[in-house]
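*Asks:* Quick one: structure below, then a few questions.
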Amino acid sequence: MMPKQTIREAFIEASSFLTACGVTEPQRSAQLLLEHVLGLTGAAYYMALPEPFPAERREPWERAVSRRGAG
């Protein structure tokens, strides 16, 4: 069984992936994608960073990041 990934860990992983893909502003892109997929904005996003990443949002999250990295 995979250990639970936190939202912060998902952000770090996505930022690294987007950097490797040559995306401009990869950290900001990762944050905006997370906010969109998780339905969070502002302070709620920052407060959620240590929380486990919701399993039911994993597939939409991975699709969003891979599309952004390809774009």
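*Asks:* Do we find a residue being part of a loop (DSSP other than H, G, I, E, B) and touching a residue at least 24 places away in the same chain (Cβ under 8 Å) anywhere in the stretch 30-39?
*Replies:* Scanning the stretch 30-39 turns up no residue that is part of a loop (DSSP other than H, G, I, E, B) and touching a residue at least 24 places away in the same chain (Cβ under 8 Å).
*Asks:* Still on this structure, please answer the following. Working only within the stretch 17-46, note down all residues that are more than 17 Å from T6 (Cβ to Cβ) and surrounded by 13 or more Cβ atoms within 10 Å (Cβ to Cβ).
*Replies:* L18, T19, C21, V23, P26, S29, L32, H36
*Asks:* Within the stretch 47-71, how many residues are assigned to a helix (DSSP H, G or I) and surrounded by fewer than 13 Cβ atoms within 10 Å (Cβ to Cβ)?
*Replies:* Our first condition is that a residue be assigned to a helix (DSSP H, G or I); within the stretch 47-71, this holds for 47-48, 55-70.
Now drop any that are not surrounded by fewer than 13 Cβ atoms within 10 Å (Cβ to Cβ), which leaves 47, 55-56, 59, 63, 67, 70.
Total meeting the criteria: 7.
*Asks:* In the stretch 1-13, how many are at pLDDT below 95 and open to solvent by less than 60 Å² (accessible area, probe 1.4 Å)?
*Replies:* The total comes to 1.
*Asks:* Let me ask something else. Go through the stretch 25-42 residue by residue and tally those that are farther than 15 Å from R67 by Cβ and modelled with pLDDT of 95 or more. Give the steps one after another, and end with the answer.
*Replies:* The initial filter retains those residues of the stretch 25-42 that are farther than 15 Å from R67 by Cβ, namely 25, 27-28, 31, 35, 38-42.
The next check asks that each one be modelled with pLDDT of 95 or more; those that pass are 25, 27-28, 31, 35, 38-40.
Selection size over the stretch 25-42: 8.
The values are calculated or read from the model by the stated rules, or taken from the named source; none is laboratory data. Since this is a predicted model, take the numbers as computed values, not measurements. Glycine also receives a Cβ, built like all others from the backbone with ideal geometry; neighbour counts cover every protein chain displayed. With ligands, DNA and RNA removed, areas are computed over all heavy atoms of the protein, side chains included. Shrake-Rupley method; radii C 1.70, N 1.55, O 1.52, S 1.80 Å.
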